[in-house]
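Inspection log for the structure reproduced underneath, given as C-alpha coordinates.
The values are calculated or read from the model by the stated rules, or taken from the named source; none is laboratory data. None of these values were measured; they are calculated from a predicted model. Virtual Cβ from ideal backbone geometry, glycine too; neighbours counted across all protein chains shown. Note: areas computed on protein heavy atoms with side chains; ligands, DNA, RNA excluded. Shrake-Rupley method; radii C 1.70, N 1.55, O 1.52, S 1.80 Å.
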Amino acid sequence: MERNVSARQIQDLAKAALQARETRARAPISGYTVGAALLAQDGRVFLAGNIECYGQTPSICAERVALFKAVSEGCDRFAALAVCGGEENQPPQVHCTPCGICRQVLSQFCPPDMMVYCVKTPDDIQAHRLDELLPFAWSRTDT
Ligand code: THU
(Lines give C-alpha, C1' and ligand atoms only; values in the text may rest on other atoms or scores of the structure.)
Protein backbone atom coordinates (compact mmCIF):
# COMPACT_ATOMS: atom_id res chain seq x y z
CA MET A 1 0.00 0.00 0.00
CA GLU A 2 2.90 2.33 0.79
CA ARG A 3 1.71 5.60 2.23
CA ASN A 4 -0.85 6.78 -0.28
CA VAL A 5 -3.92 6.84 1.91
CA SER A 6 -7.20 7.48 0.12
CA ALA A 7 -10.05 9.65 1.40
CA ARG A 8 -12.07 6.47 1.84
CA GLN A 9 -9.32 4.86 3.94
CA ILE A 10 -9.09 7.98 6.11
CA GLN A 11 -12.82 7.86 6.78
CA ASP A 12 -12.67 4.13 7.54
CA LEU A 13 -9.76 4.76 9.91
CA ALA A 14 -11.76 7.51 11.64
CA LYS A 15 -14.72 5.16 12.07
CA ALA A 16 -12.40 2.47 13.45
CA ALA A 17 -10.99 4.91 16.02
CA LEU A 18 -14.49 5.94 17.11
CA GLN A 19 -15.48 2.27 17.43
CA ALA A 20 -12.29 1.44 19.34
CA ARG A 21 -13.05 4.26 21.77
CA GLU A 22 -16.47 2.74 22.49
CA THR A 23 -15.35 -0.86 22.84
CA ARG A 24 -11.72 -0.86 23.99
CA ALA A 25 -11.15 2.14 26.25
CA ARG A 26 -10.99 1.47 30.00
CA ALA A 27 -11.07 4.75 31.88
CA PRO A 28 -12.36 4.10 35.43
CA ILE A 29 -10.23 6.89 36.88
CA SER A 30 -10.66 9.85 34.55
CA GLY A 31 -13.88 8.93 32.75
CA TYR A 32 -12.20 10.23 29.58
CA THR A 33 -12.11 7.65 26.82
CA VAL A 34 -9.81 7.67 23.80
CA GLY A 35 -9.74 5.50 20.68
CA ALA A 36 -6.89 5.02 18.25
CA ALA A 37 -6.58 3.27 14.89
CA LEU A 38 -3.10 2.88 13.46
CA LEU A 39 -2.83 1.95 9.78
CA ALA A 40 0.30 0.03 8.82
CA GLN A 41 1.84 0.24 5.37
CA ASP A 42 0.93 -3.41 4.78
CA GLY A 43 -2.76 -2.57 5.32
CA ARG A 44 -3.15 -3.91 8.83
CA VAL A 45 -5.05 -1.70 11.28
CA PHE A 46 -4.17 -1.80 14.98
CA LEU A 47 -7.00 -0.68 17.27
CA ALA A 48 -6.78 0.45 20.87
CA GLY A 49 -8.33 2.42 23.68
CA ASN A 50 -6.69 4.07 26.66
CA ILE A 51 -6.23 1.73 29.60
CA GLU A 52 -6.21 3.20 33.09
CA CYS A 53 -4.94 1.30 36.12
CA TYR A 54 -5.59 2.05 39.76
CA GLY A 55 -2.56 3.82 41.13
CA GLN A 56 -2.35 5.70 37.79
CA THR A 57 1.35 5.15 37.07
CA PRO A 58 0.86 2.18 34.74
CA SER A 59 -2.01 3.80 32.79
CA ILE A 60 -1.39 4.23 29.09
CA CYS A 61 -2.82 6.26 26.23
CA ALA A 62 -4.70 4.68 23.34
CA GLU A 63 -2.08 5.77 20.80
CA ARG A 64 0.72 3.96 22.58
CA VAL A 65 -1.36 0.82 23.08
CA ALA A 66 -2.01 0.73 19.32
CA LEU A 67 1.64 1.40 18.49
CA PHE A 68 3.01 -1.16 20.93
CA LYS A 69 0.53 -3.78 19.72
CA ALA A 70 1.85 -3.24 16.20
CA VAL A 71 5.53 -3.17 17.09
CA SER A 72 5.21 -6.27 19.24
CA GLU A 73 3.62 -8.06 16.27
CA GLY A 74 6.67 -7.21 14.17
CA CYS A 75 5.08 -4.31 12.34
CA ASP A 76 7.08 -1.09 12.22
CA ARG A 77 6.10 0.70 9.01
CA PHE A 78 3.14 2.98 9.44
CA ALA A 79 0.92 4.97 7.07
CA ALA A 80 -1.54 6.94 9.23
CA LEU A 81 -3.08 7.29 12.69
CA ALA A 82 -6.61 8.28 13.68
CA VAL A 83 -7.43 9.34 17.23
CA CYS A 84 -10.55 10.54 19.04
CA GLY A 85 -11.45 11.22 22.63
CA GLY A 86 -13.82 12.79 25.09
CA GLU A 87 -15.95 12.27 28.17
CA GLU A 88 -17.10 8.67 28.45
CA ASN A 89 -20.45 7.89 26.78
CA GLN A 90 -20.50 11.25 25.02
CA PRO A 91 -19.54 12.01 21.45
CA PRO A 92 -16.20 13.82 21.09
CA GLN A 93 -16.56 17.55 21.71
CA VAL A 94 -13.14 18.48 20.35
CA HIS A 95 -10.54 17.12 17.95
CA CYS A 96 -8.48 15.19 20.53
CA THR A 97 -4.76 15.31 19.72
CA PRO A 98 -2.06 12.93 20.98
CA CYS A 99 -0.42 13.93 24.26
CA GLY A 100 3.22 15.00 24.37
CA ILE A 101 4.54 11.61 25.46
CA CYS A 102 2.68 9.87 22.61
CA ARG A 103 4.04 12.43 20.13
CA GLN A 104 7.60 11.60 21.17
CA VAL A 105 7.00 7.83 21.00
CA LEU A 106 5.21 8.08 17.64
CA SER A 107 8.07 10.17 16.27
CA GLN A 108 10.48 7.34 17.08
CA PHE A 109 8.52 4.72 15.13
CA CYS A 110 6.60 6.62 12.43
CA PRO A 111 7.70 8.78 9.50
CA PRO A 112 7.80 12.53 10.25
CA ASP A 113 5.39 13.26 7.40
CA MET A 114 2.85 10.64 8.53
CA MET A 115 -0.62 12.12 8.94
CA VAL A 116 -2.40 12.06 12.28
CA TYR A 117 -6.18 12.38 11.90
CA CYS A 118 -7.93 13.94 14.89
CA VAL A 119 -11.53 12.85 14.68
CA LYS A 120 -14.76 14.38 15.95
CA THR A 121 -16.99 12.50 13.53
CA PRO A 122 -16.18 10.58 10.32
CA ASP A 123 -16.98 13.80 8.48
CA ASP A 124 -15.22 16.19 10.85
CA ILE A 125 -11.52 15.39 10.95
CA GLN A 126 -8.49 17.61 11.51
CA ALA A 127 -5.31 16.40 9.82
CA HIS A 128 -1.82 17.13 11.11
CA ARG A 129 1.59 15.91 10.05
CA LEU A 130 3.41 14.19 12.90
CA ASP A 131 6.30 16.66 12.68
CA GLU A 132 3.80 19.50 12.93
CA LEU A 133 2.55 18.03 16.22
CA LEU A 134 6.13 17.60 17.48
CA PRO A 135 8.58 19.89 15.71
CA PHE A 136 12.28 19.35 16.43
CA ALA A 137 11.58 15.92 17.94
CA TRP A 138 14.52 14.54 19.85
CA SER A 139 16.16 11.65 18.09
CA ARG A 140 19.38 9.89 18.80
CA THR A 141 20.50 10.00 15.20
CA ASP A 142 19.43 13.58 14.49
CA THR A 143 18.02 12.57 11.08
N1 THU B 1 -5.32 9.95 26.77
C2 THU B 1 -5.06 9.18 25.66
O3 THU B 1 -5.32 7.97 25.65
N4 THU B 1 -4.51 9.78 24.58
C5 THU B 1 -4.22 11.12 24.50
O6 THU B 1 -3.63 11.55 23.53
C7 THU B 1 -4.64 12.01 25.58
C8 THU B 1 -5.03 11.37 26.85
C9 THU B 1 -5.90 9.29 27.94
C10 THU B 1 -4.99 9.27 29.13
C11 THU B 1 -5.97 9.12 30.25
O12 THU B 1 -6.35 7.76 30.36
C13 THU B 1 -7.16 9.95 29.77
O14 THU B 1 -7.06 9.99 28.36
C15 THU B 1 -7.18 11.35 30.26
O16 THU B 1 -7.05 11.47 31.63
For a Förster distance of 35 Å, can you work out the FRET efficiency between the beta-carbons of Gln19 and Phe136, rounded to the nearest 0.05? 0.55
Sort region 1-107 into rounded, prolate or oblate with this rule: let a ≥ b ≥ c be the square roots of the eigenvalues of the Cα gyration tensor; rounded if a/c is under 1.5, and if a/c is not under 1.5, prolate when a/b is larger than b/c, oblate otherwise. oblate
State in Å² the accessible area per residue of region 19-89; use a 1.4 Å probe, count heavy atoms of protein chains only, and round to the nearest integer. 46 Å²
Within the set of other residues whose C-beta is less than 9 Å from the C-beta of Gly49, count the net charge using Lys and Arg as +1 and Asp and Glu as -1. +2
Ordering 26-38, 64-76, 124-136, 108-120 by per-residue average of other C-beta atoms within 10 angstrom, highest first, gives 26-38, 108-120, 64-76, 124-136
Accessible carbon and sulfur surface of the chain relative to its total accessible area, %, 1.4 Å: 52 percent
With +1 assigned to the C-beta of every Lys and Arg and -1 to the C-beta of every Asp and Glu, and no other charges, what is the dipole magnitude of the chain about the Cα centre in debye, to the nearest 20? 180 debye
If the chain between Val71 and Thr97 were fully extended at 0.36 nm per residue, the gain over the current Cα-Cα distance would be 7.2 nm
